[in-house]
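Engineer: The structure's right below; bear with me while I get my questions together.
The values are calculated or read from the model by the stated rules, or taken from the named source; none is laboratory data. All values reported here derive from a predicted model rather than from experimental measurement. Backbone-built Cβ (ideal geometry, glycine too); neighbour counts: all protein chains shown. Surface accessibility is based on the protein's heavy atoms, side chains included, excluding ligands, DNA and RNA. Shrake-Rupley method; radii C 1.70, N 1.55, O 1.52, S 1.80 Å.
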Amino acid sequence: MSGPHGRRASLGSGQMTVELAVVTPVVIVVALVVLNLMGFVEACAAFDQLALDAVVSQGVAPAGEQVQLASVEQVRASLAESLGREDRCEVEVSARSVDEGRKDTSFTVSPLLTRYVCTLSYHPWPRFLRMPGVTLEAPLTLRHERELVVDRYRPGVVI
């Protein structure tokens, strides 16, 4: 096929190969972004419900030592175990008194109201990209918080 049509066909197939080589990495990156966003949304939905359950079950009436630090650690451990995504997610829990930091404490509904803040840190996949001579780490960590105020020594009182 030495005519003009044979030459045009070979140029068209080469152009398609170049276009495919350019578009494929973009498609892979977009697919990874969508996959990570879906994983983050699913983890947030599970985390919201599990945080509520963990604070109500472990934070309201902590087992063992009745101090705030022990209840925070029990809530964190229960939440991390229930979530079960140690490879991608980290869980942090903090607690403080609702009256802490307020200057006008003239009337308090309950002096034992405690605000629990549960934080989910989601690390996208892949976290590390290793190629010969180059190592890249994903700089992004997605965070989600859930707050709940409870009376630590009156089971069932959730505000």
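Engineer: Looking at this structure, is residue 92 modelled with pLDDT of 85 or more, open to solvent by 80 Å² or more (accessible area, probe 1.4 Å) and touching a Lys or Arg at 6+ places or on another chain (Cβ under 8 Å)?
Structural biologist: yes
Engineer: Continuing with the same structure: Looking at (1) modelled with pLDDT of 80 or more; (2) open to solvent by less than 80 Å² (accessible area, probe 1.4 Å), which one does residue 99 not meet, given that it meets all the others?
Structural biologist: (1)
Engineer: Kindly indicate whether residue 110 is open to solvent by less than 30 Å² (accessible area, probe 1.4 Å), modelled with pLDDT under 80 and part of a loop (DSSP other than H, G, I, E, B).
Structural biologist: yes
Engineer: Right, here's the next one. Of 87, 53, which residue is modelled with pLDDT of 75 or more, part of a helix (DSSP H, G or I), open to solvent by 60 Å² or more (accessible area, probe 1.4 Å) and on the phi < 0 side of the Ramachandran plot?
Structural biologist: Just a single option satisfies the conditions, and that option is 53.
Engineer: Taking region 11-58 on its own, how many of its residues are in contact with a Phe, Trp or Tyr (Cβ under 9 Å, 6 or more places away or on another chain) and over 30 Å from residue 114 (Cα atoms)?
Structural biologist: Final tally of qualifying residues: 4.
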